[in-house]
Each structure stands twice: as structure tokens, then as C-alpha cells.
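This report refers to the structure that appears directly beneath it.
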Amino acid sequence: MPPILPIRGLAALMLAALAAGCTTIAQKPAPTPAPRFSSLDRERYGEVRGEPFQVPAVSLEDLRPRNLRQLVDYPTKEMPGTVVIDPNSRFLYLVQEGGKALRYGVGVGREGLAWSGSANVATKRAWPNWTPTRDMIRREPGKYAKWAGGMAGGADNPLGARALYLFKDGRDTLYRIHGTNEPDTIGHAVSSGCIRMMNQDVIDLYRRVAAGAKVVVLPAGAREDRS
């Protein structure tokens, strides 16, 4: 017959067993969370080198994954090479072959300031100068009047690293597709009517879009007819 342990001995053994159990549970490796962004995303939105002014990396943790550049299904009657801007979803689509499009997250004009219609890219400029319109100065003189003579291109310029100038019937619409030094505004209605993109995205779009390309800006509340 095995020896009977004193009560104190039994308590010690039970505590030791419980401690061992806790230790085992604590040492189980925690599941690794799925990466929110891929290495390709981090490469695309990293610091851009070789530019005359600094283009810092975008803090991806401050962005919604839906706003990152990606190839998507996009059946449309528009020809490849056309730019379609949907202010409702806050996306810009560059139409590709085979029912696809490159989709970019954008910032759009505030209510009452947005423009819609069909235009063409009349010209493209890297690190463009910026001059606020008369309407912008009239609405917010304290913010814009000091730049009535224009601001040279650079890291602090509101047009960012690139700008595409939209003309309709040979006349300047005064609306642009341009970069921004405020990437946290992407996905929001914040601008004075222009379409703003992360600098990394507008540099990419600038390379892909030819002068003369068609640009369609859908009206707010409208749905594109893709039939």
C-alpha cells in the first residue's frame, strides 16, 4: 500500500500541477495575424527616390486598404486608356484591356465644389506651380490670398509631385488631377473640386496616361452606365 501523504504534501503537489498547467498554456505561441499590407504595398508607397523634392513614404497604417492602388474587374464601355473618376466611391479608374482597370483611391471636391463631365488631359506637369483660383481666394481669403501670385513647385505645394490639367472644348476647366502632401485626406471629400491622389499614385498615373487622354468625372450620386 503506497504511503499516505500529509495534507500539506497533497496541497503542494496540486499547486505544482496547476502551475505547470498555467506555464504550458502561457507558452503556446499566439497565432500570427494576417499582414494588413503586402510587401508590394509597402514598396509602392515607400519613399520615392530620384525626385528633385522629397516624396516621403506613406504611413500605410493611417490608410484604408481599399484606397491602395490595385487591379480590379471593371467592365465599361469606355476605351482602354480612359480615366474614369467616381466621386461617390472616391476612386479613380484607369481603364485597361479585358474588362479590367487600375483603381486608385482619391480625394474629391467638397459638396458644391465638385465638377463633373467629360474632358481631356491637355497637359501634364511634374512638380507644377500652383495658383489658387479667384473663387478660392474669394471663399477663403485668409488661406489663399497670399498665394495669388502663385507658389513654385515643391514638397509643400498643394499640387504635389504631378498634375494633369483637364480641358474641355479647348478651354481650361480649372480642375486638376494632382498629388497631395496630405495622404490622410484620400478617400474623403475635402478639396476645392480637384481630384487629389497620393504622390506615389499620381506619379504612377502620370507615367501611364498620355496627353489628350479622355477623362470622365461622374456626377455625384450618379452610377456609370457600363453596358
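The values are calculated or read from the model by the stated rules, or taken from the named source; none is laboratory data. Being a predicted model, the structure only gives us computed values, none of them experimental. Reconstructed Cβ throughout: ideal geometry from the backbone, glycine too, with neighbour counts over all protein chains shown. What goes into the accessible areas is simple: the full protein's heavy atoms, side chains included, and nothing from ligands, DNA or RNA. Shrake-Rupley method; radii C 1.70, N 1.55, O 1.52, S 1.80 Å.
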Being more than 20 Å from the chain's Cα centre (by Cα), under 21 Å from residue 171 (Cα atoms) and not β-branched (Val, Ile, Thr) narrows 117, 109, 98 down to just 117
Looking across the stretch 213-227 at residues that are assigned to a loop (DSSP other than H, G, I, E, B) and in contact with a strand residue (DSSP E or B) (Cβ under 6 Å, 6 or more places away or on another chain), the single one that is modelled with the lowest pLDDT is 218
Among the residues of the stretch 144-177, the number that are within 27 Å of residue 118 (Cα to Cα), in a strand (DSSP E or B) and open to solvent by 10 Å² or more (accessible area, probe 1.4 Å) is 10
- [ ] May I ask you to verify whether residue 68 is open to solvent by less than 70 Å² (accessible area, probe 1.4 Å), farther than 19 Å from residue 120 by Cβ and not charged (D, E, K, R)?
- [x] yes
Residue 138 meets each of (1) outside any helix (DSSP H, G or I); (2) farther than 23 Å from residue 205 by Cα with one exception, condition (1)
Picked from the stretch 37-64 (must be farther than 19 Å from residue 181 by Cα and open to solvent by less than 70 Å² (accessible area, probe 1.4 Å)), the residue modelled with the highest pLDDT is 38
Pairing a residue in the stretch 123-149 that is of a type in the set (Gly, Ala, Ser) with any residue that is assigned to a strand (DSSP E or B) and modelled with pLDDT of 90 or more, where Cβ atoms lie under 7 Å and the two sit 6 or more apart in sequence or on different chains, gives 126/162
* To do: Determine if the stretch 191-208 includes at least one residue that is without any contact (Cβ under 8 Å) to a residue 60 or more places away in the chain, in a helix (DSSP H, G or I) and farther than 24 Å from residue 63 by Cα.
  => no
